[in-house]
Amino acid sequence: MSNVTLRIDGEVERSVDLSFADLQKLPVAVQIPDVSQFHPGRQGAGVTLNSVLALVHPKSTAAYLTLHATADNFAASIPLAAVRDEGIVVYALQGEALPKKNGGPFRFLIRNPAACHTDELDDCANVKFVDRLELTAAKGRDTRPTSDEEHEHLHTH
Ligand SMILES: Nc1nc2c(c(=O)[nH]1)N[C@H]1C(S)=C(S)[C@@H](COP(=O)(O)O)O[C@H]1N2
Ligand SMILES: [Mo]
């Protein structure tokens, strides 16, 4: 089993570092056994964003969720209120850690994202290899492509 963790910090009462085992132990009611129900073509099991936020107790000052992927230096920062009930942290595939080819060990998914760069909650914010969920008062780091050209470049490099 993998011992890598997902950090949740920033404007919170208590930061946490969550492992595969920690996520697996969360109640059945917050588990999403198969994300392909929302995203045909994407695989894995996850937990609701709300269930992991409940562990850190966001402060009233937390207004943005900034998703960091150190692996490829990618980040997206989205309004917390809009994403709260939409976000999923994908962490498993067939009972094992989510493979890198699926964006693992942790991948963020929005249940119903808008097309790339048409909205704050777009497909580009479905951050792969995410290792830190940072709650911030203002909009944080965001490296998402803002034009078709940038988007094309990201997908071909
Ligand atoms: N870490 C990381 N996450 C990322 C990206 C990236 O380049 N790095 N690209 C984003 C973009 S622009 C899109 S459209 C989706 C593509 O997800 P997919 O590979 O599952 O189709 O991942 C998003 N998550
Ligand atoms: Mo995208």
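A few points about this structure:
- The chain, relative contact order in percent, only Cα pairs under 8 angstrom and at least six apart counted: 27 percent
- Qualifying trypsin sites (Lys or Arg not before Pro) in segment 1-79, where qualification requires a DSSP coil assignment and no more than 16 other C-beta atoms within 10 Å, comprise Arg14, Lys25, Arg42, Lys59.
- Partners for Lys25 among aspartates and glutamates (Cα-Cα distance below 17 Å; same-chain residues under 8 apart left out): Asp17, Asp34, Glu96
- What the phi angles of segment 88-103 give under the Karplus curve with 6.51, -1.76 and 1.60, with θ = phi - 60°, is a coupling list of 9, 9, 8, 9, 9, 9, 6, x, 10, 4, 4, x, 4, 5, 9, x Hz, glycine and proline written as x.
- Segment 52-83 and segment 141-157: distance between their alpha carbon centers, rounded to Å: 20 Å
- Extent along the principal axes, Cα only, for segment 79-157: 37, 33, 21 Å, with the longest axis given first.
- Legend: ranking of residues Val47, Val30, Val127, Val35 from fewest to most surrounding C-beta atoms inside 10 Å; resulting order Val30, Val35, Val47, Val127.
- The lysines within cross-link reach of Lys59, meaning a Cα-to-Cα straight distance under 18 Å and a gap of 8 or more places when in the same chain, are Lys139.
- Relative intensity, log₁₀ I(q)/I(0), of segment 59-103 from a Debye sum that treats every alpha carbon as a point, q = 0.14, 0.27, 0.29 Å⁻¹: -0.47, -1.03, -1.06
- By the rule of a C-alpha distance below 18 Å, with chain neighbours fewer than 8 residues away ignored, the lysines paired with Lys100 are Lys128.
- Segment 1-120 shape via C-alpha gyration tensor axes, a/c threshold 1.5: rounded
- Treating r as the C-beta distance of Asn50 and Ser147 and R0 as 25 Å, the FRET efficiency rounds to 0.15.
Values quoted throughout were computed directly from the atomic coordinates according to the rules given, and no laboratory measurement underlies them. Computed from a prediction, not measured in an experiment: that's the story for all the values here. Positions of Cβ are generated from backbone atoms using ideal geometry, with glycine treated the same way; all protein chains shown enter the neighbour counts.
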